[in-house]
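Peer 1: Next up is a structure, given as structure tokens.
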Ligand code: G4P
């Protein structure tokens, strides 16, 4: 039986590590900011945005962020609330950076899906939800912007159930929406929380009222009647919350609110802390490793260069999965078999760094200049363990890059290699092609722009890009058959990924589907799970 460390077990119990998934504009930044406000990290809402613009102004690599008006880098935000330590993995919302977002999701124990009441489920939400479903990450839903005219709340529930094939279990229900929005009814206690003050920059306190006293409140009668009828209907016919189904990713508890006005944010935070799971044992080559064991283990889920131009270095973000991490600890790097002393471990909060003396499962550590760590690498003490590899997703943009200046070719190759290790891009090779240029690929077009930008600014090499006519990649498993017998269309092509796995590139989804039907015994997968 594995030994349990009492300190580690206590810390695990109070850790909550999650990520927010949403489509751009649904309100992820606003919700994050309000959670930090309740977590006591910031005094007045608005400062996170301030930090964002400051960052863009002071950083040259993030010049690109400024030009495009998006957030490229993702970090972790940590706060304490009600005895819990909450780690919020901040993921960029922009479509083009979704590959990074996908990997960050692997470091989360739970995801919060933010949906705009007016817009419902949008494309990016759908993609990210699929990743959660694939990894069986439990998802809590926050339906945002209830203060704005939107769809009927019941419609949103139906849409989630239909599109995602999961059950939904509302934990609270809005009293009116749009102009009529006045508060929320808590489903388990059947009590209403009413909000009177519209000041999104402060911690808005709710007034708790019994349902039979709502008549005397300033609520538009039609809104109140509808809300009470729906609550009754849901209490009779709705799905009861089922913890096991939630943890298995089969049911999503749903909260409503308005991040902008703060209405419902604290109720959501409390509900989230009550429902979300603590870190659990993660799968490895020796089975699930209990987080409460004394020996430290974790894995690298993200490598980022030049977060800040004042520190021209690379940071490997490591998710602690088991045991206690201590500064100056000597760890084993099982992939190379080397022992390494972890000197420069940091907590990274936005652009700021703070030395980290200890960390527990669920925490994220930034290791500065990690040298030989690659994405997905495990580091540990005690008996070697290796956590499951990171998934690789089908890119949507394919190109070849050339360095026209032959005297800079070496720097070009070195830069490209480093960017590959960071996981900024994927690379494929076609051994049959006349020109053995690597094919670079990314989930978003902008990722390739970033690679070119960085090759120019960090390695001083100009590049020429040639776009290739592919849109879809599928990892091919021919089982007992021969990979050379797989029948492809004339516009498709078989290549190898960086781990030498066969991959078919297609110009369209349709062609990928057609090829699958022509080769029924071959498996074509959108994602590769262990790399
Ligand atoms: P994102 O990170 O998911 O992309 O969304 P973000 O929080 O930046 O919010 C997108 C827009 O939606 C912002 O307006 C924000 O103020 C607004 N918003 C967020 N939550 C709510 C809500 O609960 N109710 C209402 N009515 N609006 C909300 P913006 O005009 O684009 O930006 P800003 O000028 O407010 O900064």
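Values quoted throughout were computed directly from the atomic coordinates according to the rules given, and no laboratory measurement underlies them. Everything numeric here is computed off the predicted structure, so don't read it as measured data. Please note: Cβ atoms are built from the backbone with ideal geometry, for glycine as well, and neighbour counts cover all protein chains shown.
Peer 1: Using 0.36 nm per residue, how much length does the chain from residue 526 to residue 465 gain when fully extended, once their Cα-Cα distance is taken away?
Peer 2: Using 0.36 nm per residue and subtracting the Cα-Cα distance, I get 19.4 nm.
Peer 1: Using 1/(1 + (r/R0)^6) with R0 = 45 angstrom and r between the beta carbons of residue 7 and residue 248, what's the FRET efficiency to the nearest 0.05?
Peer 2: 0.90
Peer 1: OK, next. Using alpha carbon centroids, what distance separates region 370-395 and region 450-472, in Å?
Peer 2: Between the Cα centre of region 370-395 and that of region 450-472, the gap is 27 Å.
Peer 1: I want the antiparallel fraction of DSSP beta bridges within the chain, as a percent rounded to 5.
Peer 2: Looking only at bridges with both residues in the chain, the antiparallel portion is about 75 percent.
Peer 1: Further question: Using only the alpha carbons of the chain, what is the convex hull's orientation-averaged projected area in square nanometres?
Peer 2: Average of the hull's projected areas for the chain equals 26.6 nm².
Peer 1: For each of 146, 208, 385, count neighbouring Cβ atoms within 10 Å of the residue's Cβ, then give the residues from fewest to most.
Peer 2: Numbers: 146 25, 208 12, 385 21.
Result, fewest neighbours first: 208, 385, 146.
Peer 1: Taking Cα centroids, how far is region 124-188 from region 424-448 in Å?
Peer 2: 39 Å
Peer 1: Using label points projected 7 Å from each Cα along Cα→Cβ, tell me how many nm separate residue 199 and residue 509, to one decimal.
Peer 2: If labels sit at residue 199 and residue 509, their model points lie 4.8 nm apart.
Peer 1: Per q in 0.10, 0.15 1/Å, what log10 I(q)/I(0) does a Debye calculation on the alpha-carbon atoms of region 391-530 return?
Peer 2: Those come out to -0.35, -0.73, one per q.
Peer 1: Just from its helices, what would the mean residue ellipticity at 222 nm be for the chain, if runs of 4 or more DSSP H residues each count -39500 (n - 2.57) and the sum is divided by every residue, rounded to the nearest 500 deg cm²/dmol?
Peer 2: Details: 13 runs with 143 residues, N = 531.
Taken over the chain, the calculation gives -8000 deg cm²/dmol.
Peer 1: Could you list 102, 81 in order of exposure, starting from the residue whose Cβ has the fewest other Cβ atoms within 10 Å?
Peer 2: 81, 102
Peer 1: Another one. With just the Cα atoms defining each centre, how far is region 289-304 from region 234-253? Give it in Å.
Peer 2: Value for the Cα centre distance between the two parts: 30 Å.
Peer 1: Could I have the simple spin-label model distance between residue 402 and residue 25, label points 7 Å from Cα toward Cβ, reported in nm to one decimal?
Peer 2: 4.0 nm
Peer 1: Also: Cα axis of helix 509-518 to longest principal axis of the chain: angle in degrees, 0 to 90, nearest 10?
Peer 2: Around 70 degrees separate the two axes.
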